[in-house]
Amino acid sequence: MRKQSTWLWVIAAVLAFFLFGDEILGLLGAIIGLVISIGVTGLVMLAIAVGAFGLVVAVGGSIAVAMVVAAVALAAVLFSWLWPYLLLAGIIYLLVRKRPKAV
C-alpha cells in the first residue's frame, strides 16, 4: 500500500508540473532572483560604506569622523531609490508652478 501511495504522489506531481509548470518555474525564478538581487545590493552598499570609511581614514580623519561619513554614505545609498521620484516631482513642479511676472 505504501509503494502505491508514493507512485500516486509522483504522478500527481508530474501532472501538476505539466499543468502549472510555467507558474512554478516563474515563482522559483522570482524567488532566486530576489535573493540574488538583495544579496548583491547589500554587498554594494556595504562596499560603499567601507570605501567611505577607508577614504576618510586614509586622508587623515579620525575614526569618529570616518564613522559619520560611512553612516551618511550608507543612508544616501539606502535612500537612493528615491532620487528618480524626487527628480520627477521637481520636473512636474517646474511645469505647473506659477511663473513670476517679469518687471
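The values are calculated or read from the model by the stated rules, or taken from the named source; none is laboratory data. Bear in mind that the values here come from a model prediction, so they are computed numbers and not experimental data. No Cβ is skipped: glycine too gets one built from the backbone with ideal geometry, and neighbour counts run over all protein chains shown.
Table: residues versus (1) modelled with pLDDT of 85 or more; (2) charged (D, E, K, R); (3) under 30 Å from Ser80 (Cα atoms); (4) touching a Gly at 6+ places or on another chain (Cβ under 9 Å).
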{"position": "Ser5", "(1), (2), (3), (4)": "no, no, no, no"}
{"position": "Ala12", "(1), (2), (3), (4)": "yes, no, no, no"}
{"position": "Phe18", "(1), (2), (3), (4)": "yes, no, no, no"}
{"position": "Glu23", "(1), (2), (3), (4)": "yes, yes, no, no"}
{"position": "Ala30", "(1), (2), (3), (4)": "yes, no, yes, no"}
{"position": "Val35", "(1), (2), (3), (4)": "no, no, yes, no"}
{"position": "Val40", "(1), (2), (3), (4)": "no, no, yes, no"}
{"position": "Leu43", "(1), (2), (3), (4)": "no, no, yes, no"}
{"position": "Ala58", "(1), (2), (3), (4)": "yes, no, yes, no"}
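Search segment 13-65 for residues being assigned to a helix (DSSP H, G or I) and either hydroxyl-bearing (Ser, Thr, Tyr) or touching a residue at least 40 places away in the same chain (Cβ under 8 Å) (or both), and hand back the single one that is nearest to Val77 (Cα to Cα).
Looking at residues that are assigned to a helix (DSSP H, G or I) and either hydroxyl-bearing (Ser, Thr, Tyr) or touching a residue at least 40 places away in the same chain (Cβ under 8 Å) (or both), I get Thr41.
Does segment 95-102 include one or more residues that are out of contact with any Leu (no Cβ under 8 Å at 6 or more places or on another chain), surrounded by 11 or more Cβ atoms within 10 Å (Cβ to Cβ), without any contact (Cβ under 8 Å) to a residue 60 or more places away in the chain and small (Gly, Ala, Ser)?
The answer is no, given that none of the residues of segment 95-102 is out of contact with any Leu (no Cβ under 8 Å at 6 or more places or on another chain), surrounded by 11 or more Cβ atoms within 10 Å (Cβ to Cβ), without any contact (Cβ under 8 Å) to a residue 60 or more places away in the chain and small (Gly, Ala, Ser).
Out of segment 44-66, which residues are of a type in the set (A, V, I, L, M), more than 11 Å from the chain's Cα centre (by Cα) and exposed (fewer than 14 other Cβ atoms within 10 Å of the Cβ)?
Across segment 44-66, the qualifying residues are Leu46, Ala47, Val50, Ala58, Val59, Ile63, Ala64.
Considering each residue of segment 67-88, count those that are exposed (fewer than 10 other Cβ atoms within 10 Å of the Cβ) and closer than 12 Å to Met45 by Cβ, and give that number.
1
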